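The values are calculated or read from the model by the stated rules, or taken from the named source; none is laboratory data. Just so you know, these numbers come straight off a predicted model, no measurement behind them. In this analysis, Cβ positions are derived from the backbone assuming ideal geometry, glycine residues included, and neighbour counts consider all displayed protein chains. Just the protein is used for accessible areas: all its heavy atoms, side chains included, with ligands, DNA and RNA removed. Shrake-Rupley method; radii C 1.70, N 1.55, O 1.52, S 1.80 Å.
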Amino acid sequence: MAKILIVEDEPQIVRGLCLYLERAGYTTAVVYDGAQAIPSFRHEKPDLILLDLNLPNRDGVDICRAIRRDSSVPIIMVTARSDEMDRLIGLEIGADDYIVKPFSPREVVARVRAVLRRVGGAMGDTDIVRAGALLVDTAAYRVWLGDSPLPLTQSEFEILLALAKHEGQVLSRAQLLEEAQGIAYEGYERSIDQHIKNLRNKIRKAGGPPKMIETVYGVGYRLEAPIDAAPKENSHAA
Ligand code: CA
């Protein structure tokens with residue numbers, strides 16, 4: 001779960017934030033002193049920073065600028081005055097969002113979640129490969145056919161991923177072997193046939209058409225993913 005670094009000098013606010021963020025499933029780290037913010041950021045490697053504007057020894061604007069010089073970690077600035085917000089935005093210090101005190105911890109959790117989703121979504125798009133009803137999540141290492149998860153071995157995963165990336169095209173056994181194991185040894189190409197057989201079985205059990213991986217004789221294999229996954233009841237009849 002994501003780690004939130006709280007840079008805030010008021011213990012009461014820190015307590016409320018920690019309580020709500022941890023209840024929402026985040027882990028937290030706390031810094032009370034502005035001068036400790038950067039060392040703590042380097043040490044904790046948080047996924048997001050809640051950064052108070054007015055801190056002892058170093059102010060939030062300065063800290064934000066310093067972090068932005070070498071990191072794109074999401075930063076939510078916290079300020080006690082709403083007119084400070086305009087100033088912050090005008091300064092273009094690179095924060096992702098702003099919260100005005102007094103706030104409810106619940107509101108902060110919602111903002112944290114929204115910023116993390118936005119950042120994660122932007123990165124996440126490249127982690128998902130889709131082919132019809134087939135969805136391969138390369139970050140989570142999971143595959144779904146419609147609503148059904150496909151539990152795959154690592155080799156099966158790599159092979160299916162390669163086929164999905166090149167949907168409709170024929171890939172040779174050597175190409176698939178290279179995808180699955182990083183290198184294509186001559187003589188090992190027949191092991192691909194066994195992986196394909198296992199994949200088809202798993203697709204059938206998940207209610208999909210086993211023939212979605214087609215054998216192209218003398219050449220290799222081709223994926224033609226269905227637009228919709230078959231209803232789950234069909235998996236028992238197949
Ligand atoms: Ca403060």
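For the chain, the spread of Cα coordinates along the three principal axes comes to 72, 41, 28 Å, biggest extent given first.
Using the Cβ-Cβ distance between residue 189 and residue 130 with R0 set to 22 Å, the FRET efficiency works out to roughly 0.20. Compactness ratio for segment 123-175: Cα radius of gyration over 2.2 N^0.38 Å (N = residue count) comes to 1.10. Give me the percent of the accessible area of the chain that comes from carbon and sulfur atoms, probe 1.4 Å, all protein chains in place. Accessible surface attributable to carbon and sulfur in the chain totals 49 percent.
Extension gain, residue 58 to residue 104, is 14.0 nm, computed as 0.36 nm per intervening residue step minus the present C-alpha separation. Of the residues 218, 168, 67, the one whose Cα sits farthest towards the positive end of the charge dipole of the chain is 218 (charges of +1 on Lys and Arg Cβ, -1 on Asp and Glu Cβ, taken about the Cα centre). Note that the chain presents 54 Å² accessible area per residue, ligands and nucleic acids not counted, probe 1.4 Å. Distance between the modelled labels on residue 68 and residue 87, one decimal in nanometres: 1.6 nm (7 Å Cα→Cβ projection). Here the peptides 19-25, 106-112 are ranked by packing, the mean other Cβ count within 10 Å, and the order with the highest first is 106-112, 19-25. For residue 12 and residue 147, the difference between the fully extended length at 0.36 nm per residue and the C-alpha to C-alpha distance is 44.1 nm.
Couplings 3J(HN,Hα) for segment 189-204, derived from phi with the Karplus relation 6.51 cos²θ - 1.76 cosθ + 1.60 (θ = phi - 60°), are 4, 5, 5, 4, 4, 5, 4, 5, 4, 5, 4, 4, 4, 5, 5, 4 Hz, where x marks Gly and Pro. Here the average projected area of the convex hull drawn through the C-alpha atoms of segment 1-55 stands at 3.3 nm². Between segment 58-78 and segment 153-179, the alpha-carbon centres lie 43 Å apart.
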